[in-house]
Amino acid sequence: MKFDFRYAYADITENLNGADSLDLSADNPEMFRNFKFGWLTTESTQIPTCAIIISELFCIDKDKCVGIPFDFSLAPITIGRTPYMVLTNVEYLDNCLNIKKSKIKRFSNGDVMEVTLPVLLPREYPVLFRIPEMPSVFFCTNIFKEFIENNSITGVIFEECPVKSKSWF
């Protein structure tokens, strides 16, 4: 899942109480009050109903969250003047990436620099999740994708991620 750049981009517009944006995490919702969030409208003035802030906070317009059928913890924030809810319990899952089938750029020491084409291993996945090799990317199942589309939630686009078993060769 990626941000749809046809829409305005949500970002931190002000740090309060000496807060550092590097400390902003969906796992720490009490930090949200230390920031003001707004829209960067230089490229587009269309405001989406879903926003991803600093590749960390996955937000959905509060009105679109009514009756959300998933077991998410929700924390309120305001972007501009509109209330949104941050999905705060998005899991990081280890051992999901099929290393042999994915296209990976590595640093000279062998660490992952960038995954240009992720391929996931077959397993049961939660409806929305992340993987450590791509910390700025949210992955979802078709169930979550259908929820977004059926509720006319705007601001994200979907790219299908291949799922392939490990091979012995």
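Laboratory data are not the source of any read-out in this text; all were calculated from the coordinates shown. Keep in mind that this is a model prediction, so the values were computed, not measured. Ideal geometry is used to build each Cβ from the backbone, glycine not excepted, and the neighbour counts take in all protein chains shown.
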message: Per residue of the range 152-161, what does 6.51 cos²θ - 1.76 cosθ + 1.60 with θ = phi - 60° give for ³J(HN,Hα)? Whole Hz please, x for Gly and Pro, Karplus curve as stated.
response: 6, 7, 10, x, 10, 10, 10, 10, 5, 9
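I want the local charge near ILE47. Using Cβ-Cβ distances under 11 Å, sum +1 for each Lys or Arg and -1 for each Asp or Glu among the other residues.
Values: positive: ARG81; negative: ASP61.
Summing Lys and Arg as +1 and Asp and Glu as -1 gives 0.
Per residue of the chain, what 222 nm ellipticity follows from adding -39500 (n - 2.57) for every DSSP H run with n ≥ 4, rounded to the nearest 500? List each step's numbers first, then the result.
On the way: 1 runs with 9 residues, N = 169.
Theoretical 222 nm ellipticity from helices: -1500 deg cm²/dmol.
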- request: Could you work out the local net charge near PRO132, counting Lys and Arg as +1, Asp and Glu as -1, over the other residues with Cβ closer than 13 Å to its Cβ?
  value: -3
- line: The alpha-carbon pair-distance distribution computed for the chain, with 10 angstrom bins and whole-percent values, is 9, 35, 34, 18, 3, 0
task: With θ set to phi - 60°, apply the Karplus curve 6.51 cos²θ - 1.76 cosθ + 1.60 along the range 16-32 and write out the HN-Hα couplings as whole Hz, x wherever there is a Gly or Pro.
output: 10, 6, x, 5, 10, 4, 5, 8, 6, 8, 5, 7, 10, x, 5, 6, 4
statement: Long-range amide H partners of ILE104, meaning residues 5 or more apart or on another chain whose placed amide H is closer than 5 Å, are THR116
message: Only counting other Cβ atoms within 10 Å, I'd like PHE70, PHE138 sorted with the fewest neighbours first.
response: PHE70, PHE138
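For the range 2-89, what does the alpha-carbon gyration tensor say about shape, rounded, prolate or oblate, given a ≥ b ≥ c as the root eigenvalues, a/c under 1.5 as rounded, and a/b over b/c as prolate? Mind dumping the intermediate values first?
Numbers: a/c = 1.71, a/b = 1.01, b/c = 1.69.
Cα axes put the range 2-89 in the oblate bin.
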- prompt: What ranking do 96-106, 17-27 get when scored by the average of other Cβ atoms within 10 Å per residue, highest first?
  reply: 96-106, 17-27
task: Quickly work out the ILE12-to-SER167 label distance, labels modelled 7 Å from Cα along the C-beta direction, and quote it in nm with one decimal.
output: 4.4 nm
statement: Proxy exposure order for GLU124, GLU146, GLU159 (fewest C-beta within 10 Å first) is GLU124, GLU159, GLU146
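Give the order of CYS161, CYS59 when sorted by the count of other beta carbons within 10 angstrom, beginning with the fewest. Before the final figure, lay out the partial values.
Working: CYS161 14, CYS59 27.
Arranged by neighbour count, lowest to highest, CYS161, CYS59 become CYS161, CYS59.
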